[in-house]
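To start, the structure itself, in structure tokens.
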Amino acid sequence: MPGASDSKRSFRDLTPLWPAGVEAVFHNVAGLTGEVGLSASYRWQSEVDLLAADLMRLGEDQIYLLGISAGASLALAYVAIDPGRIAGLGLIEPAWSYLPLTTIEQHYYADLNVVLELQPNEQRDAFVRLLVQPGIELPPVTSTAQRGYQGVQRPEDTALAIVTRAMQGHCVESADLRAFRGPVYVGVGGRSNPMWRAQAAQIKAALPQTIVDVYPDRHHLDLPHHAEAERLCRALLDAWNLLPLESPSHRRLPG
């Protein structure tokens, strides 16, 4: 589950690396990919319900959730309500962790709230700049990245604003997250906003079985599922205790 991009396309470099016996099934954050309309009635619970329905259709006992950004937040929201259903988690820089915020996180989300008050034509660039450390060269704006800002008149009506506030308003008790007993892998970009290192420490404090892995050259707009897909694949399999499986078959699995 990625954040604001299509899952099959987002994981195109990672999916062929899964070993035989591990099947990739894709799920999108519907509010960020245009699969559902966004309005004042949008709730993050609807995303949790959509994921729950997809998982129910799988009928598998060993399900591992891998999420990036908003997709990682969705994974956390789901595992809080059904911890026994998930065998392991992979979280790459969650947009929101539902855990108590450190001072660094408080500063980041205060800055994000300022960004969400900007006019739609200014919001996207200010947002992506916030995601990375100063001096990082940003990638060019794509049509996909612009989706959710175009044709919007008010700051509070962008997809970013609606989904962010719905996610942060979603009720998840820390105790429910701590009930999860499966292995947890947290990937962090070394060039991302330092908020994510602080967040990773909070996740590890809540879930001691967490492995935190830093990718020094990566950041939130260039995360390891592309440039370092082989390292990420092996790290996930290792964290999830799946390494005894055969080496990657390099075939594309059905989604």
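The values are calculated or read from the model by the stated rules, or taken from the named source; none is laboratory data. All figures in this text were calculated on a predicted structure; none of them were measured in a lab. Cβ: placed from backbone, ideal geometry, glycine included. Neighbour counts: every protein chain shown.
Some points to look at:
- Residues that are closer than 20 Å to V29 by Cβ and among the charged types (D, E, K, R) are absent from segment 185-206 altogether.
- Test result for G21, out of contact with any helix residue (DSSP H, G or I) (no Cβ under 6 Å at 6 or more places or on another chain), in contact (Cβ under 8 Å) with a residue 24 or more places away in the chain and on the phi > 0 side of the Ramachandran plot: yes
- Within segment 5-39, considering residues that are surrounded by 19 or more Cβ atoms within 10 Å (Cβ to Cβ) and touching a Gly at 6+ places or on another chain (Cβ under 7 Å), the one farthest from Y64 (Cα to Cα): L38
- Against the numbered list (1) of a type outside the set (D, E, K, R); (2) under 24 Å from R218 (Cβ atoms); (3) touching a residue at least 12 places away in the same chain (Cβ under 8 Å), Y149 comes up short only at (2).
- Scan segment 207-221 for residues that are surrounded by fewer than 19 Cβ atoms within 10 Å (Cβ to Cβ) and either among the basic types (K, R) or out of contact with any strand residue (DSSP E or B) (no Cβ under 7 Å at 6 or more places or on another chain) (or both) and the total you get is 3.
- Lone unmet requirement of (1) out of contact with any Pro (no Cβ under 9 Å at 6 or more places or on another chain); (2) of a type in the set (D, E); (3) touching a residue at least 24 places away in the same chain (Cβ under 8 Å); (4) closer than 23 Å to V128 by Cα for E228: (3)
- Within the option set Y64, Y108, Y78, being within 19 Å of A175 (Cα to Cα), under 19 Å from the mean Cα position of the chain (by Cα) and not β-branched (V, I, T) holds for one residue only, Y78.
- Close pairs (7 angstrom Cβ cut-off, 6 or more residues apart or separate chains): closer than 22 Å to A229 by Cα in segment 188-202, among the charged types (D, E, K, R) and in a helix (DSSP H, G or I) anywhere: V188/R197
- First in segment 114-125 and within 10 Å of A161 (Cα to Cα), second anywhere and among the β-branched types (V, I, T), Cβ under 9 Å, 6 or more apart: L116/T158; L116/T164; P120/V152; P120/T158; Q123/V115; Q123/V152; Q123/T158
- Selection count where residues are assigned to a loop (DSSP other than H, G, I, E, B), modelled with pLDDT of 85 or more and within 13 Å of V163 (Cβ to Cβ), scope segment 21-34: 2
- No other residue among A80, A75 is touching an Asp or Glu at 6+ places or on another chain (Cβ under 6 Å), small (G, A, S) and part of a helix (DSSP H, G or I) apart from A80.
Residue by residue, here is whether (1) surrounded by fewer than 17 Cβ atoms within 10 Å (Cβ to Cβ); (2) more than 19 Å from A80 (Cα to Cα) holds:
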| site | (1), (2) |
| --- | --- |
| P140 | yes, yes |
| Y149 | no, yes |
| I162 | no, yes |
| A179 | yes, no |
| N193 | no, yes |
| R231 | yes, yes |
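- For segment 160-170, the condition holds for at least one residue, the condition being that it is of a type in the set (K, R), assigned to a helix (DSSP H, G or I) and at pLDDT 90 or above.
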